[in-house]
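The next block holds one structure in the form of structure tokens; read it before the comments.
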Amino acid sequence: MKVRQVSVFLENKSGRLYEVCKCLAEAEVNIRALAIAETADYGVLRLIVNDPDRAVRVLTEENFTVSETEVIAVEVPDRPGGLAGVLAPLYEANVNIEYLYCFVEKSGESAIVVFRVEQIDRAIQALQGSGFTVMREEDVYRI
Amino acid sequence: MEYFNPVEVLDRERLEELQLQRLRETVDRLYEKVPFYRKKLDEVGYSPGDIRNLSDLKKLPFTTKDDLRDHYPFGLFAVPMRDIVRIHASSGTTGKPTVVGYTANDIKVWADLVARTIVAAGGTPDDIVHVAYGYGLFTGGLGLHYGAEMLGATALPMSGGNTKRQIRLMVDFGSTILCCTPSYALNIAEVMKEMGVTRDMIKLKAGILGAEPWTDEMRVQIEETLGISAHDIYGLSEVVGPGVSIECGEKNGLHVFEDCFIPEIIDPDTGESLPPGERGELVFTNINKEGLALLRYRTRDISALDVSPCPCGRTHVRMRRITGRTDDMLIIRGVNVFPSQVEAVLMQIPGLSPHYQLVVDRVENLDVLEVQVEVSPEVFSDEIKKLEELERRIADEVQSYLGVSVKVRLMEPRSIQRSEGKAVRVIDRRKM
């Protein structure tokens, strides 16, 4: 139920994102989803990849600062109101969302929302209780 | 071995007799042999024989780095060039290099002083002394080298740089004592980790680390990562080179070898002598040097003297570790800031790397101090909120310690340049 997200610290200077992606490419790690949060001086790159262990290893070897975080990935219908629908049970369960990012599944019928929340188990319970599919780790890596 | 030379434990009374005799001889010799000193001493009304007790030293004029530069290269030497067997010089990055000359006896005395420092750091003739200070005109490399040989230990003349090779030979040869700058010791520890070399693969037991100011916090980190006892060594080429003073096992100040140098602390602004315990500029008078002996040389280093007895048995006075230099002191919006103060704050926050840099700039007529700190995996979070909290915490602690507000900039690991000699801590972009 919990998906491992790889986060990388990046200074705001040209070429750093390319360096990360090149490093992952050479290790044949496939990126499933990514989001960047930034400030004036630096950014945090958040990645869902097919092989988190390998990604962490190769990035650490290249001297990047890397951490792993547990997130949840939820399938939602790809139509107006899809995201609002999935937020409702979290709001009702009083789960605070740190951040989220979305991507659309290849088939185009549903979207996947990646959540970073403070109370991960309570979030999973609330989502499942409302009939949402919290994706299994291996399914996310395989998308 | 507890000490190298019995003079280290000579009782104070006899030590001071020795000092007085040597001071008298030195001043009178300089009066006779060095026109610069004759002129300066004449100006204060000195006549040969006027030194009657040690406190008469305070009546003598100071010598500054500018005096050495004005007499570049050999103008202050007190012996003819044929008696000089070695020349050392500073890099000259801030002007003309300062040039120093040694007679054969000076070299012997210097080696004896350095041998004392190695023993004070726990060294014996059985040790392999890994000298990773630069060789050449800089006094660090050759200074430690001849000291190790004088002790009868094995000198390994590595010089600086080529860190992976340093580590390979450290493992293969079983180096037991590492001599380099503290920042290079940390650099070595980092590269060891990258190479997969662990503490139990090396035989290091002690470090003789100096040539730049560092803090107790940095000592803890060096001792933990390398598994050694880290000793601060002090010296400067104008006075002799490394071996002016060293921390013994008590690590409570550095014993100044007073049979060769008389230390004083003065107020850097007024030149007034300050009593033991008070911080000020460190001043040295050579009393056992032939080639180039300096009277009351102003080092620009900030320290204090501790005259309380040391449990190690050495009777020589201790100087506190250097907290900064009068010339690397930054004045930020009127407040005096030393890089070592920022270091002390950073090292108290768990997980922060000891690699940092201060960038000073002037924006709209206001000084801005940016503290650049590397983000280690221990403090990195995927949440911007937490990273901002970290920045705020560093800024708050630096501000409450120094009294100036700073901007903190988080940097990628290894993005701050590693030094193989003295670390560059300050980039001053103010145009003045």
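The values are calculated or read from the model by the stated rules, or taken from the named source; none is laboratory data. Just so it is clear, the model here is predicted, and its values are computed rather than measured. Ideal geometry is used to build each Cβ from the backbone, glycine not excepted, and the neighbour counts take in all protein chains shown. These area figures cover heavy atoms from the full protein model, side chains too; ligands, DNA and RNA do not enter into them. Shrake-Rupley method; radii C 1.70, N 1.55, O 1.52, S 1.80 Å.
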For this session: Sort out which residues of segment A:44-72 are crowded, with 17+ Cβ neighbours inside 10 Å, touching an Asp or Glu at 6+ places or on another chain (Cβ under 8 Å) and farther than 23 Å from A:ASP139 by Cβ, and write them in order of number.
Result: A:VAL44, A:VAL58, A:PHE64, A:THR65, A:SER67
For this session: Among residues belonging to segment A:1-60 that are closer than 24 Å to A:LYS106 by Cα and part of a loop (DSSP other than H, G, I, E, B), point out the one that is nearest to the other protein chains (Cβ to nearest Cβ).
Result: A:LYS2
For this session: Could you tell me whether segment B:229-246 includes any residue that is out of contact with any helix residue (DSSP H, G or I) (no Cβ under 8 Å at 6 or more places or on another chain) and surrounded by fewer than 17 Cβ atoms within 10 Å (Cβ to Cβ)?
Result: no
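Residue under question is B:SER405, and the condition is that it be in contact with a helix residue (DSSP H, G or I) (Cβ under 7 Å, 6 or more places away or on another chain), free of Cβ contacts under 8 Å to residues at least 40 places away in the same chain, within 14 Å of chain A (Cβ to nearest Cβ) and not hydrophobic (A, V, I, L, M, F, W, C); does it hold? If you could, list the steps in order and put the result at the bottom.
Numbers: in contact with a helix residue (DSSP H, G or I) (Cβ under 7 Å, 6 or more places away or on another chain): yes; free of Cβ contacts under 8 Å to residues at least 40 places away in the same chain: yes; within 14 Å of chain A (Cβ to nearest Cβ): no; not hydrophobic (A, V, I, L, M, F, W, C): yes.
No.
In this structure, does A:TYR99 turn out to be closer than 27 Å to B:VAL375 by Cα, crowded, with 18+ Cβ neighbours inside 10 Å and either within 14 Å of another protein chain (Cβ to nearest Cβ) or modelled with pLDDT under 95 (or both)? Reasoning before the result, please.
Values: closer than 27 Å to B:VAL375 by Cα: yes; crowded, with 18+ Cβ neighbours inside 10 Å: no; either within 14 Å of another protein chain (Cβ to nearest Cβ) or modelled with pLDDT under 95 (or both): yes.
Judged against the criteria, A:TYR99 is not a match.
Among the residues of segment A:71-93, write down those that are part of a strand (DSSP E or B) and either aliphatic (A, V, I, L, M) or at pLDDT 95 or above (or both). Walk me through how you get there before you give the answer.
Residues of segment A:71-93 part of a strand (DSSP E or B): A:71-77.
Within segment A:71-93, A:VAL71, A:ILE72, A:ALA73, A:VAL74, A:VAL76 meet the criteria.
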For this session: Take segment B:268-325 and flag every residue that is more than 17 Å from B:LEU23 (Cβ to Cβ) and of a type in the set (S, T, N, Q).
Result: B:THR270, B:THR299, B:SER303, B:SER308, B:THR315, B:THR323
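Listed residues A:GLY108, A:GLY82; which is open to solvent by less than 10 Å² (accessible area, probe 1.4 Å) and either within 30 Å of B:GLU412 (Cβ to Cβ) or away from chain B (no Cβ under 14 Å) (or both)? Give the derivation first.
Details: A:GLY108 fails: open to solvent by less than 10 Å² (accessible area, probe 1.4 Å).
Only one candidate qualifies: A:GLY82.
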Problem set entry | Those strands (runs of 3 or more DSSP E) lying entirely in segment B:322-380 with at least 1 residues of a type outside the set (Val, Ile, Thr) and open to solvent by less than 20 Å² (accessible area, probe 1.4 Å) | B:330-332, B:356-363, B:366-374
